[in-house]
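Undergrad: Below is a structure I'd like to ask you about.
Taken together, the values in this text are just the output of simple stated rules run on the coordinates, not laboratory data. These figures come from a predicted structure and were not determined experimentally. Methodologically, a virtual Cβ is constructed for each residue, glycine included, from the backbone with ideal geometry; neighbour enumeration extends over all protein chains shown.
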Amino acid sequence: MKKVAIVGASGYSGEELVKRILNHPLVELVAVTSRQNAGQTLAQVFPKFASHPRTKTLRFTEPDVAGLAQAAEVVFLALPHGVAAEFAVPLLAAGCTVIDLSADFRLKSAAVYQDFYAHAHPAPELLAKAVYGLPEIHREAIKHSSLIASPGCYPTSILLPIIPLIKAGLIQTTGIIADSMSGVTGAGRKAEVDYLFCECNESVRAYGVPKHRHLSEIEEQLGLAAGTPVTIQFTPHLIPVNRGILSTLYLTPAKPLTTAAEAESLNAQIADCYATAYANEPFVRVLTGKALPDTKNVTDTNVCELAWRLDVRTGRLLVISAEDNLVKGASGQAIQSMNIWCGFPETTGLL
């Protein structure tokens, strides 16, 4: 049994981690931290988990690095960017494996981080050490890393559909457009006017235009796949649902698409590409026939659905994906990386 701690366990992603770690058969949750809930039991803060015997005895504590390092082998950081690094540095020095759900270690460039997050990186010396925790793409590196940077929710929904197409040379790396819609939990558990019920209900709006922070990691990972810098247009939208992300990607085929025969050939190549990439991946579901991704089919799962359509009229390839922003887009994917690092079956605690 691996001993696990969660720092920042009272947020939406932290709550999702608690739920799944409590029911994971191969790990033990030994510590949860939250400054505002220190002293309370898990059952008091999360009554929905009260039937689990561990929730009545395990109490939230103030985050204490020395205590965490002594108690746990793996520490999840469910903290805001800029704060997570303050804990990652001493925890790594103490010998813990750190799985960070913030943006602090997703990028390789401290300059790019400062450009997108508007402050200097708090631990630039660790950027080269960190592994981007997208299991389907970086599984082997995750196995051997003590610092895993779990991807953002929007990037996961964009990178999983596009990276195989880039590697196979089936699309151009210019002119990529990503339109994404996210549930309100994507903003985190915080009291701000923009996320009050009356502000979000019966409302759909774009935000973070034209330079959302997640663009930095999306473009970096696409650039690594392409072997050349990639710039995309990305527009996120807030929609009045609790959880879920739907992304529609507008891509240009590598070769002109002008006839039905060309479309048929490309369609077969795309099918082969996704089959090669994901046929044996438990958490990527490639849809066939008339089916299109739907957030209701992935809610509360660690699955990313995807499907595509070719449009001969415009010469474009449309790829659509859906995921749960709190599971595959955050905590579930982080646990998937933990399973890989621990040598557990990858689906443990996630099915």
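Undergrad: Using 7 Å Cα-to-Cβ label points, what is the E264/S146 separation (nm, one decimal)?
TA: 5.8 nm
Undergrad: Just order 327-339, 143-155, 170-182 by mean Cβ neighbour count inside 10 Å, highest at the front, would you?
TA: 327-339, 143-155, 170-182
Undergrad: For region 103-112, take each phi angle, set θ = phi - 60°, evaluate the Karplus expression 6.51 cos²θ - 1.76 cosθ + 1.60, and give the result in whole Hz per residue in order, putting x for glycine and proline.
TA: The phi angles translate into 8, 5, 10, 7, 9, 8, 10, 5, 5, 5 Hz.
Undergrad: Provide, as a two-decimal number, the C-alpha radius of gyration of region 1-84 over 2.2 N^0.38 Å, N being how many residues it has. Mind showing how you got there, number by number?
TA: Details: Rg = 11.6 Å, N = 84, 2.2 N^0.38 = 11.8 Å.
That works out to 0.98 for region 1-84.
Undergrad: With a 10 Å Cβ neighbour count serving as the proxy for reagent exposure, in which order, fewest first, do V303, V193 appear?
TA: V193, V303
Undergrad: Also, quick follow-up: Identify the trypsin sites (Lys or Arg not before Pro) of region 258-301 meeting these criteria: DSSP loop state and at most 14 other C-beta atoms within 10 Å of the C-beta.
TA: Details: sites: R285, K290, K296; in loops: K290.
Counting only loop positions with at most 14 other Cβ atoms within 10 Å, the trypsin sites (Lys or Arg not before Pro) in region 258-301 are K290.
Undergrad: Okay, next question. 7 Å from Cα along Cα→Cβ at both Q44 and L26: what's the point-to-point distance in nm?
TA: The two pseudo-label positions are separated by 3.5 nm.
Undergrad: Once both labels are modelled 7 Å past Cα along the beta-carbon direction, what's the D194-D64 spacing in nm?
TA: Once both label points are built, they end up 3.7 nm from each other.
Undergrad: If one takes the longest principal axis of the Cα atoms in the chain, at what angle in degrees, from 0 to 90 and to the nearest 10, does the Cα axis of helix 260-278 lie?
TA: 20 degrees
Undergrad: Could you tell me the extents of region 128-224's C-alpha atoms along the three principal axes, largest first, rounded to whole Å?
TA: 45, 35, 19
Undergrad: Turning to a different aspect of this structure: Given a Förster radius of 45 Å and the C-beta distance between T248 and T57 as r, what FRET efficiency does 1/(1 + (r/R0)^6) yield to the nearest 0.05?
TA: 0.45
Undergrad: For the chain, give me the percentage of DSSP beta bridges that are antiparallel, rounded to the nearest 5 percent.
TA: Counting only bridges with both partners in the chain, antiparallel ones make up about 45 percent.
Undergrad: Moving to a separate point now. Per the Kirkwood treatment, what hydrodynamic radius in Å, one decimal, follows for the chain from the mean inverse distance over all distinct Cα pairs? The partial results should precede the final answer.
TA: On the way: mean 1/r = 0.0481 Å⁻¹.
Over the chain, the inverse of the mean reciprocal pair distance is 20.8 Å.
Undergrad: Of A123, P25, A78, which is farthest along the charge dipole of the chain in the positive direction, counting Lys and Arg as +1 and Asp and Glu as -1 at C-beta?
TA: Comparing the listed Cα positions along the dipole, P25 ranks first.
Undergrad: A further question on this structure: So how much slack lies between R205 and A128, counting 0.36 nm per residue of separation and subtracting their Cα-Cα distance, in nm?
TA: 24.1 nm
Undergrad: Same structure again: So, by mean Cβ neighbours within 10 angstrom, what's the order for 233-246, 73-86, 216-229, 43-56 with the highest one leading? Mind showing how you got there, number by number?
TA: Working: 233-246: 19.9, 73-86: 21.9, 216-229: 18.0, 43-56: 15.1.
The densest-packed peptide leads the list: 73-86, 233-246, 216-229, 43-56.
Undergrad: How far, in nm, would the chain grow between A187 and A93 when pulled straight, counting 0.36 nm per residue and subtracting the alpha carbon separation? Walk me through the intermediate numbers first.
TA: Working: separation 94, 0.36 × 94 = 33.84 nm, distance 3.11 nm.
Result for the pair: 30.7 nm of gain on full extension.
Undergrad: What translational diffusion coefficient, in µm²/s and rounded to a whole number, does the Stokes-Einstein relation yield for region 154-324 at 20 °C and a viscosity of 1.002 mPa s, taking the hydrodynamic radius as the Kirkwood radius over Cα pairs?
TA: 128 µm²/s
Undergrad: Which listed residue (S321, I270, V184) has the Cα farthest towards the positive end of the charge dipole for region 154-324, taking +1 on Lys and Arg C-beta and -1 on Asp and Glu C-beta about the Cα centre?
TA: Checked the options; the winner is I270.
Undergrad: Please list, ordered by chain and number, the residues whose modelled amide H lies under 5 Å from the amide H of A168; skip anything fewer than 5 residues away on the same chain.
TA: Amide H neighbours of A168: none.
Undergrad: Another question, then. Of the peptides 122-129, 157-164, how do they stack up when ordered by the mean number of other Cβ atoms within 10 Å, highest first?
TA: In descending order of packing, they fall as 157-164, 122-129.
Undergrad: Let me ask another. Dividing the convex hull volume of the alpha carbon atoms of region 37-176 by its residue count, what do you get in Å³ per residue? Let's see the in-between values first.
TA: On the way: hull volume 21.9 nm³, N = 140.
Value for region 37-176: 156 Å³ per residue.
Undergrad: Output ³J(HN,Hα) for region 181-198: one whole-Hz value per residue in order, computed from phi by the Karplus curve 6.51 cos²θ - 1.76 cosθ + 1.60 with θ = phi - 60°, and x for Gly and Pro.
TA: For region 181-198, the Karplus curve yields 10, 10, x, 6, 5, x, 7, x, 8, 8, 9, 10, 4, 4, 10, 5, 3, 5 Hz.
Undergrad: Take the Cα of T235, step 7 Å along the line toward its Cβ, and report every residue of region 313-351 whose backbone nitrogen sits under 20 Å from that point.
TA: 314-322
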